[in-house]
Amino acid sequence: MAIAEDKILVEKIQKLRKERNAIILSHNYQRGEIQDIADFVGDSLELSQKATKTDADVIVFCGVHFMAETAAILCPHMTVLLPDANAGCPMANMITAEQLRQKKKELPEATVVTYINSTAGVKAESDICCTSANGVKLVASIDSNKILFVPDQYLGDYIAKKTGKEMTLWPGYCPTHVRILPEDIIRQKREHPKAKVVVHPECRPDVIALADEALSTSGIIRYASREDVSELIVGTEVEILHRLAKENPGKKFIPASEKAVCPNMKLITLDKVLHSLETMTPVVKVPEDIRTKAKAAVDRMLTIV
Ligand code: 13P
Ligand code: SF4
């Protein structure tokens, strides 16, 4: 879209945002122009914490459905808008509440730890939630050695290795992160021998094994700001490079693979944000019985981190 058109859209969004007393939250994978208009850009943990701390009446959630839903779980008094109702997370849909209920019957003694990339119905069946930023700390803090972890097998495997806990892993995965292959990291390391390598823990274990660190998206942002990092190979969704470049002029960032694109994150555009504020749709809401149970699992997480 032409720059002049973007400018007009941004002006209209800013005006309407004030009138509606709305806050715009953006995930680190959103299009650059969305990150640039947001009040706050962050990872899943930071975004859910931010949602609980605002005095706005409306949250325009620029991310995917489970993120907006988590805000709706935590803040039922607020109107939560997701500018494109089709912006889902395929991994979150890899387990249903009914499938989790069945699995719990097979493993009655297990503590159910659920990645925040999940539906409200699945969260409602869980003991505690976690994000990629706090999964290791949180699982380490659980008394029991028997854990059922859903839905991301790769984050689960990473946490199991770090904590030494016996974990049963649901076979879900992120279709974007599995596109990053070990040979991509090996090739980039060969081409950029001085670069450090940081990846998201949703990557395959053989990719994580080649990295210096596995971190949440905001963990990657913090890592990049370190003085000893001047060149960084980044194994996660490519749009994170927008924020990395903006906050670290002069440093070099190399995407591990250009194929690591999350099409759902890209569904949110400036014109959809404007339309959402104009029409106050699509609203994300969670039925009250599910919301209160899901909130208990998210609240347990928020008290530990
Ligand atoms: P973060 O919580 O690290 O931002 O990750 C969210 C996500 O969906 C990664 O694919
Ligand atoms: Fe879901 Fe993967 Fe997209 Fe993250 S990058 S929102 S886990 S599909």
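The values are calculated or read from the model by the stated rules, or taken from the named source; none is laboratory data. Values in this document were obtained by computation on a predicted structure and should not be read as measured data. Positions of Cβ are generated from backbone atoms using ideal geometry, with glycine treated the same way; all protein chains shown enter the neighbour counts. Heavy atoms of the whole protein, side chains included, go into the accessibility calculation; ligands, DNA and RNA do not. Shrake-Rupley method; radii C 1.70, N 1.55, O 1.52, S 1.80 Å.
When nucleic acids and ligands are ignored and a 1.4 Å probe is applied, T279 ends up with an accessible area of around 60 Å². A cut-off of 5 Å between modelled amide H atoms, ignoring neighbours fewer than 5 places along the same chain, links K285 with no other residue. For T111, what is the net charge nearby, where nearby means another residue's Cβ is under 9 Å from its Cβ and Lys, Arg count +1, Asp, Glu -1? Around T111, the surrounding residues sum to -2.
Taking segment 1-148 on its own, what percent of its Cα-Cα pair distances exceed 20 Å? Can you show the working numbers first?
Numbers: 5892 of 10878 pairs.
Summing the P(r) of segment 1-148 above 20 Å gives 54 percent of all pairs.
What do you get for GluC sites (Glu not before Pro) in segment 100-131 restricted to DSSP loop and a cutoff of at most 14 other Cβ within 10 Å of the site's Cβ?
Working: sites: E106, E109, E125; in loops: E109, E125.
In loop regions of segment 100-131 (DSSP not H, G, I, E or B), the sparsely surrounded GluC sites (Glu not before Pro) are E109.
With Cα atoms as the point set, segment 50-97 shows a radius of gyration and Dmax of 11.3, 34 Å.
For segment 1-104, trypsin sites (Lys or Arg not before Pro) meeting the loop criterion (DSSP other than H, G, I, E, B) and having at most 12 other Cβ atoms within 10 Å: K53. What is the Cα centroid distance between segment 89-143 and segment 241-305, reported in whole angstrom? So the separation of the two Cα centres works out to 19 Å. Translational diffusion of the chain was estimated from the Stokes-Einstein equation, with Rh taken as the Kirkwood radius over Cα pairs; at 10 °C and 1.306 mPa s the coefficient is 80 µm²/s. Scattering from the C-alpha atoms of segment 1-88 alone, worked out with Debye: what is log10 I(q)/I(0) at q = 0.19, 0.21, 0.26 1/Å? Ignoring solvent entirely, the Cα scatterers give -0.83, -1.00, -1.41. Pairs exceeding 32 Å between alpha-carbon atoms, taken from K53/K123; K146/K189; K15/K259; K53/K161; K146/K293: K146/K189; K15/K259; K53/K161. Over segment 38-166, give the accessible area per residue in Å² for a 1.4 Å probe, as an integer. Ligands and nucleic acids excluded, the figure is 36 Å² per residue. Rg/Rh, computed from the Cα trace of segment 166-263 with Rh as the Kirkwood radius, has the value 0.97.
Shown here are the Rg and Dmax of the Cα trace of segment 211-294, at 17.7, 51 Å.
Hydrophobic, long helices, defined as DSSP H runs whose alpha-carbon span along the helix axis is 20 Å or greater and whose mean Kyte-Doolittle value is at least 1.6, do not occur in the chain.
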